[in-house]
Amino acid sequence: MAILAVAAAALLMPSPAQAASTLGAQAAVTGRYFGTAVAANKLSDTTYSTILDREFNMITPENEMKWQTTEPSRGSFNFGPADQIVSHANSHGQRMRGHTLVWHSQLPSWVSAITDANTLRSVMDNHITQEMTHFKGKIYAWDVVNEAFADGSTQHRSSVFQNVLGNGFIEEAFRTARSVDPAAKLCYNDYNIENWSDAKTQGVYSMVRDFKSRGVPIDCVGFQSHFGSGGPPSSFQTTLSNFAALGVDVQLTELDIAQASGTAYANTVRACMNVSRCTGITVWGIRDSDSWRSGDSPLLFDSSGNKKSAYNSVLQALGSGTPASNPPTTTPPTTTPPTTRPPSSPPTGGRSCSATYSVTGQWQGGFQAAVTVTAGSSAISSWTVTWQFANGQTITQAWNATITSSGSAVTARNVSYNGSLGAGASTQFGFLGSSNGTNNTPSLTCSAG
């Protein structure tokens, strides 16, 4: 009997030779993710959402999780815009990065006005606790502290946190975050730390080395990677490797490159692919018109949503390199048209549910599938979907469900955050599988609790 849970770490991936047709799918071949920044108010734009759901398997909210939005006045929290993005990600098999808990910018004036250390410490810890608790179980990694170092310096920048609490505020933020959600990866995120010899890079490196030596809980470092037209500095891969050697994952978290040169993008992606602990790349926006640097045309899709030449350069570069040492567990849809089986018939009377199975991508020896679970006329608190594979298919990786396999029989059960569904509401889970070339769609049975 084999069990695959949402947090599974040991995965079987398609061979690197089996090239995929989207950014996220190609990154997943080596156990990485390829994500993008998303704005909640653009999800209704069909061009935007179509590209998002086709190409990317990790989502970072642009502004919806920042302090100004989530706690505009003390003790009054607003998670509505962020919930909208999280819900979209959950229903499309995409994972979430939380961005960001503690940052000097986009900070409400009431926080900036605090001068008492005990008050600010209490406010900071409460903000981290409330936001992480709200999203617990739904976030792959949090940018716990963002941009705390001064430009061109090994020292921390001036901010209300630094000025009132001193250097210790970063450590306290990470320790608080770990106590709230032990399962989420905890990251430090910054810009202009890509060149190894720069003072700011060395300052962040020294902090991470110190944290690791003293057991301060830090799991990853995010390199924003906002590059000019020349792309990354020549030492970029060295920087990634040196940070990774400290025992943290490294990730490109806000990538954009002025004029979107294919060569510059390929060099950037290859630097990540050559470092086994570089676990993913996120571009900061989808189309040029969505970018904060729109005048630089820095992204992989033009303002009309068409792929630029750099897109193909990135797709090719993602096919190089070594498997990630700590791969994420979510993989994206591909461009293969889905094949869908009609929903299962719900049992009569009481609580009920139905399930629809779709093959969302296929390649030689493998496939990706998604299952949509829909509650019947009454709310449900749990669900179980069962089916029988007829052609020797096996599941190698799953997300948003706990899957148990025994021979050809498969049972999928909800995880903690997607079992409760209102009447008529839906959720989705997905998986990667291996096949011998025949991949008929099975019949599903859904039972509800």
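The values are calculated or read from the model by the stated rules, or taken from the named source; none is laboratory data. Quantities reported herein were computed from a predicted structural model and do not represent experimental measurements. Note: ideal-geometry Cβ built from the backbone for every residue, glycine included; neighbour counts use all protein chains shown. For the accessible areas, the whole protein counts, side chains as well, though only heavy atoms, and no ligand, DNA or RNA atoms are used. Shrake-Rupley method; radii C 1.70, N 1.55, O 1.52, S 1.80 Å.
Only Cα pairs under 8 Å and 6+ residues apart enter the sum, and on that basis the relative contact order of the chain stands at 18 percent.
I'd like the distance between the alpha-carbon centres of the range 83-107 and the range 196-258, rounded to an integer number of Å. Centre-to-centre (Cα) distance: 22 Å.
Here the 3J(HN,Hα) profile of the range 39-55, calculated from phi with Karplus coefficients 6.51, -1.76 and 1.60 at θ = phi - 60°, is 9, 4, 6, 9, 5, 7, 6, 5, 4, 4, 5, 5, 5, 3, 7, 7, 9 Hz, Gly and Pro shown as x.
Applying a 4.7 Å Cβ-Cβ cutoff to the chain leaves no cysteine without a disulfide-compatible partner. Loop-resident trypsin sites (Lys or Arg not before Pro) (DSSP state other than H, G, I, E or B) in the range 207-306 with no more than 16 further Cβ atoms inside 10 Å of their Cβ: Arg293.
Note on the range 190-321: Cα convex hull, mean projected area over all directions, 7.5 nm².
Spacing of the modelled spin labels on Ala117 and Asp45, each 7 Å from Cα toward Cβ, amounts to 4.6 nm. Can you tell me which of Asp198, Asp256, Asp290 moves the most in a GNM of the chain? Springs connect C-alpha atoms under 10 Å apart. In this elastic network of the chain, the residue with the biggest mean-square fluctuation among Asp198, Asp256, Asp290 is Asp198.
Considering only alpha-carbon pairs that sit under 8 angstrom and 6 or more positions apart, the relative contact order computed for the range 113-212 is 36 percent. Taken along the Cα-to-beta-carbon direction at a fixed 7 Å, the label points for Gln155 and Phe77 span 3.6 nm.
Full extension of the chain between Ala390 and Thr129 yields a length gain of 89.2 nm, computed as 0.36 nm times the residue separation minus the alpha carbon distance.
Of the three principal axes defined by the Cα atoms of the range 108-223, the extents in descending order read 39, 33, 25 Å.
Surface composition of the chain: carbon plus sulfur atoms contribute 47% of the solvent-accessible area (1.4 Å probe, protein chains only, all chains present). Stretching the chain fully between Ser179 and Asn274 yields a gain of 30.9 nm (0.36 nm per residue, less the alpha carbon separation). Identify, among Ser159, Leu432, Val86, the residue whose Cα sits farthest towards the positive end of the charge dipole of the chain, taking +1 on the Cβ of Lys and Arg and -1 on the Cβ of Asp and Glu, with the dipole about the Cα centre. Selected residue: Leu432.
For the range 61-169, GluC sites (Glu not before Pro) are listed when DSSP marks them as loop and at most 15 other Cβ atoms sit within 10 Å of their Cβ; the list is empty. Per residue, the chain reaches -8000 deg cm²/dmol at 222 nm when only DSSP H runs of four or more residues are counted, each adding -39500 (n - 2.57). Going by alpha carbons, how many degrees (0 to 90, nearest 10) lie between the helix axis of 199-214 and the longest principal axis of the chain? The answer is roughly 70 degrees.
Per residue, the solvent-accessible area of the chain (1.4 Å probe, heavy atoms of protein chains only, all protein chains present) comes to 36 Å². Result for the chain in a Gaussian network model with C-alpha springs under 10 Å: among Asn274, Asn163, Asn400, the largest mean-square fluctuation is at Asn163.
Ignoring the sites themselves, the chain has its longest run without chymotrypsin sites (Phe, Trp or Tyr not before Pro) in a DSSP loop having at most 16 other Cβ atoms within 10 Å at 78-291. Checking [x] 139; [y] 214; [z] 226 against volume of the Cα convex hull per residue in Å³ calculated from these atoms, the matching label is [x]. Residue-wise HN-Hα couplings along the range 422-431, as the Karplus relation 6.51 cos²θ - 1.76 cosθ + 1.60 with θ = phi - 60° gives them from phi, are x, 3, x, 7, 10, 9, 9, 10, x, 7 Hz; Gly and Pro carry x.
Restricting attention to the chain, lysine pairs at least eight places apart or on different chains and with alpha-carbon atoms under 21 angstrom apart total 10.
Comparing Cα centroids, the range 386-407 and the range 135-181 end up 40 angstrom apart. Charge dipole of the chain (Cα centre as origin; +1 on each Lys and Arg Cβ, -1 on each Asp and Glu Cβ, all else neutral): 980 debye, rounded to the nearest 20. Using θ = phi - 60° in the Karplus curve 6.51 cos²θ - 1.76 cosθ + 1.60, the 3J(HN,Hα) couplings for the range 382-388 round to 7, 8, 9, 10, 10, 7, 10 Hz; x is entered for Gly and Pro. Normalised by the number of residues in the range 183-273, the mean separation of alpha-carbon contacts (under 8 Å, six or more apart) gives a relative contact order of 32 percent.
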